[in-house]
Amino acid sequence: MTRIAILKREEMNEEQGAVYDDAKEAGRPLGGPYFAYIRIPELMRTTQEVGVSLAGIPLTKREQQIAILTIARFWNAKYPWAVQVRASLKIGLDQEIIDAINAQTEPPITDARELLAHKCAKEMLVNKGITDATYAEAEAAFSEVELVALVAKIGSFAMTCCTANAFDVTPPDDAPSRLL
C-alpha cells in the first residue's frame, strides 16, 4: 500500500490545485511519484517540465524504453516498472526483451544502439559512471546531443524510481508485468 496519502483534488491547497489542474489539462502524469511531488508544487511542475523536455529527445522510443526499463529494474521500482512495461509494449518492444531485463539477464537486443542504451543505463547505475570503453562506443553510435539526452534520462528516471520506492507507490492492479 502506498505510504503517502493520495491527495484528492479538493484536499489540495490553491497552489497544489493549480499545478494539478495544469498537469491534468496537459495530459501529464498525476500518479506514481507525483502523489509525493504535489506536496511541493514547484517540484511537481519542474519534474513535469523535465519529463516534457526529455520526451522530445532525439533517441528512438525503443532506445528510451529499454533504458527506462533497465533503470526501473535496477531500483526494483514496482510502480515505474509496471507503468513503463505498458508503455514499452505499446511501442512494440518485444516481451522477450522485457522479460530478460526483468530477470536481469542479457536482453536479446539485436539493434546496436538499443543494446548500448541498455548498457549505458546499467553502467551508470551499477558503476556510477560509464567506462571509457563504453563511452567510446556510445560516442561513436550516438551524437553528442543524443548521449547527453540519454544520460539525463537515466538520472531523471532514477529520481522517479527512488521516489516511488521511498513512498512504496503501489502499481496499478491491471499492470501487464510485475517485477520478479
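If you go through the range 89-99 one residue at a time, do you hit one that is closer than 15 Å to Cys161 by Cβ and either assigned to a helix (DSSP H, G or I) or small (Gly, Ala, Ser) (or both)? Looking through the range 89-99, none of the residues is closer than 15 Å to Cys161 by Cβ and either assigned to a helix (DSSP H, G or I) or small (Gly, Ala, Ser) (or both).
Please go through the range 35-59 and pick out each residue that is closer than 21 Å to Val83 by Cβ, touching a residue at least 12 places away in the same chain (Cβ under 8 Å) and assigned to a helix (DSSP H, G or I). Result: Phe35, Ala36, Tyr37, Met44, Arg45, Thr47, Gln48, Val50, Gly51, Val52, Leu54. Scanning the range 65-79 for residues that are assigned to a helix (DSSP H, G or I) and at pLDDT 95 or above yields Gln65, Ile66, Ala67, Ile68, Leu69, Thr70, Ile71, Ala72, Arg73, Phe74. Has the range 136-153 got any residue that is of a type in the set (Ser, Thr, Tyr), modelled with pLDDT of 95 or more and either within 21 Å of Gln84 (Cβ to Cβ) or assigned to a helix (DSSP H, G or I) (or both)? No, the range 136-153 contains no residue that is of a type in the set (Ser, Thr, Tyr), modelled with pLDDT of 95 or more and either within 21 Å of Gln84 (Cβ to Cβ) or assigned to a helix (DSSP H, G or I) (or both). One residue alone among Ala175, Ala158, Ala164 is among the aliphatic types (A, V, I, L, M), touching a residue at least 40 places away in the same chain (Cβ under 8 Å), in a loop (DSSP other than H, G, I, E, B) and surrounded by 12 or more Cβ atoms within 10 Å (Cβ to Cβ), and that residue is Ala175.
Selection within the range 34-64: residues that are of a type in the set (Ser, Thr, Tyr) and surrounded by 14 or more Cβ atoms within 10 Å (Cβ to Cβ). The member of this set that is modelled with the lowest pLDDT is Tyr34.
Can you say whether Glu123 is surrounded by 12 or more Cβ atoms within 10 Å (Cβ to Cβ), touching a residue at least 60 places away in the same chain (Cβ under 8 Å) and farther than 26 Å from Thr170 by Cβ, as far as the supplied structure shows?
So Glu123 fails the test.
The values are calculated or read from the model by the stated rules, or taken from the named source; none is laboratory data. Owing to the predicted nature of the structure, the values given are computational and were not obtained by experimental measurement. Note that each Cβ is placed from the backbone with ideal geometry, even for glycine, and that neighbours are counted across all protein chains shown.
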